[in-house]
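Quick notes on the structure that follows.
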Amino acid sequence: MVDIPDTLRLVSTANIESDDGGYTFEIPASEIRHDGIQPGETYRIAVLETGHTTVRSDTQSADRSSETSPTTQEQGPPEPPVEEGEIREVTIETIGDQGDGIAKVDRGYVVIVPEGQPGDEPTVEIEQVQQNVAFATIVEPDPRTL
């Protein structure tokens with residue numbers, strides 16, 4: 001199991017392109033707009049293999065040579081760990097540039113919570129889900145703040 005640090009700012013899927021002796025990949029513009037990352041800043045980037053799983057057919061055995069090659073099945077990016085309409089408790093970790101609370105849930109997935117303050121633990125309803133971020137409203141404020 002991989003430990004995911006609290007400083008995780010972005011989980012995204014990108015194709016790597018060759019570029020004049022180096023390699024580049026694109027960060028979705030939505031990550032800039034929703035405080036995932038900021039232009040001009042320096043970030044550490046981890047590259048994880050995704051999208052391909054080797055599948056062996058029932059007719060292949062472990063002791064057979066590579067005369068029959070395994071098939072590869074495309075899986076695509078992981079699904080967001082929340083769904084629209086889901087009610088969930090979150091912890092607001094920080095405030096974004098637009099003044100909204102930012103919480104992180106499974107795998108570091110970002111949930112934007114308007115009116116959330118760092119340290120609050122409200123119950124929220126997920127209203128909009130995108131591949132890398134969700135937007136929620138507070139349905140029950142943190143009881144400690146009442």
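We did not get these values from a lab; they are worked out from the coordinates using the rules stated. What you are looking at is a predicted structure, and each value in this text was computed from that prediction instead of being measured. Because the Cβ atoms are built from the backbone with ideal geometry, glycine has one as well, and the counts that use them run over all protein chains shown.
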So for the pair I87, Y23, with labels modelled 7 Å out along Cα→Cβ, what separation do we get in nm?
4.6 nm
Low-density loop positions, GluC sites (Glu not before Pro), the range 74-146 - DSSP coil, at most 15 other Cβ in 10 Å:
E83, E84, E86, E115
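Gain in length, A46 to Q130, computed as 0.36 nm per residue apart minus the alpha-carbon separation, to one decimal in nm?
Numbers: separation 84, 0.36 × 84 = 30.24 nm, distance 2.15 nm.
Gain on extension, A46 to Q130, equals 28.1 nm.
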Between rounded, prolate and oblate, where does the range 75-146 land on the alpha carbon gyration tensor, with a ≥ b ≥ c its root eigenvalues, rounded for a/c under 1.5, else prolate if a/b exceeds b/c?
prolate
I'd like the Karplus ³J(HN,Hα) series for the range 118-128: coefficients 6.51, -1.76, 1.60, θ = phi - 60°, whole numbers in Hz, and an x wherever there's a Gly or Pro.
x, x, 5, 10, x, 9, 10, 10, 6, 9, 9
Give me the distance in nm between label points sitting 7 Å out from Cα along the Cα-to-Cβ direction at E121 and T94, one decimal.
2.2 nm
